[in-house]
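Every number here is computed from the coordinates shown, using simple stated rules; none is lab data. Here the structure is a predicted model, which means the values were calculated and not measured. For neighbour counting, all protein chains shown are included, and Cβ atoms are generated from backbone atoms with ideal geometry for every residue, glycine included.
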Amino acid sequence: MPADEAEPPTGGGLSRAAQRLYGYAVERQSFAEAEATEALGARAAAAITELAAAHLLQRAPGGGLDRWSAVAPRAAAARALAPLALLVRETHDEMDRLRGQLEALVPAYEAGTAHRDRNGSGRLELEVVTDLGAVRGLIAELVAACEQELLTSQPGGGRPLETLEEAIGRDESLLTRGVRMRTIYQHTARYSRPTAAYVERVTALGAQVRTLGDGLMRMLVFDEHTGLMAVPDRDGAALVVRQPAVVHFMTSAFERSWVAAEPFPTTVSPEAARSLSDELRQTIVRLLSEGLEDKVIARRLGMSERTCQRHIAEIIRAVGARSRFQAGYLLSPAAPPAPDGCAGS
């Protein structure tokens, strides 16, 4: 038997030696190892071990320990899969048991939240959720329960691809149920291909998406009943708001931004890109005149710090300043007019 017949084929199946031995075995009622070795070569013993481990060979009935017979592939599969099938059944039973335990707590949870929502003491109903996985689970729960409208405000430019992949199925399900969805991004999100592709999919189902330059607060509002806000300096954390007055404030803030925002086009023409660039530069000028640092301006406009610094350098050259601090002074509304020769070319 050639040496390469001992090697299993690509994909981890039976070796060629085992395949040849199995063909030899099915042509006989039974065979001894010595007979197989004489017919197929020295690799026969290893092939017998391989086939026996795969349940394709068994000791021949009444033949003693030295004789083997072939087992039908389907019978071998049933024997091999029996432990796995048992494990699957036990896993399903454990899942059902755990699900039952947790479902038994639903009435108490719903009764508690209903009592909390009926609380007329005027106390702010706020809850900080710090675990990102818990925040995602809460968002999924609120989206599933949303019946009328979801408002979303997402500063920071283009959304990460993994975030969009997680959201698309959930949002499409929401929209197909007839729930309205309005979303505001920053202008810089228009240059993100994954974000534009996501917007194209959800707007085809009726969602409305707009963009704004600055002033966005990261938040979600569900049915004007429950709101989620980002927690400053705590990545992945969320503030859950159920107090009606605070949720109303969040909704009003969204509506003011919505009126000032512009529709999100899935393609950006050169003219629109120039218009957006001019607006971004004007916003940078305003923030620069307020004395904000580069990284703060970049974060507020949803762009990288390097891109922001490039815009600031162009603005500094345009006003003829020697530093960003001088530019901030010259751009301040209270600053005197620049003397001749300092305006730059």
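A few points about this structure:
- If R0 equals 35 Å, the separation of the Cβ atoms of Glu166 and Leu81 corresponds to a calculated FRET efficiency of about 0.55.
- Over all other residues within a Cβ to Cβ distance under 15 Å of Leu164, the charged ones net out to 0, with Lys and Arg as +1 and Asp and Glu as -1.
- Inter-label distance, Lys295 to Ala72: 7.2 nm, where each label sits 7 Å from its Cα along the C-beta direction.
- Amide N of the range 176-213 lying under 11 Å from the label point, which is placed 7 angstrom from the Cα of Ala260 along Cα→Cβ: 212-213
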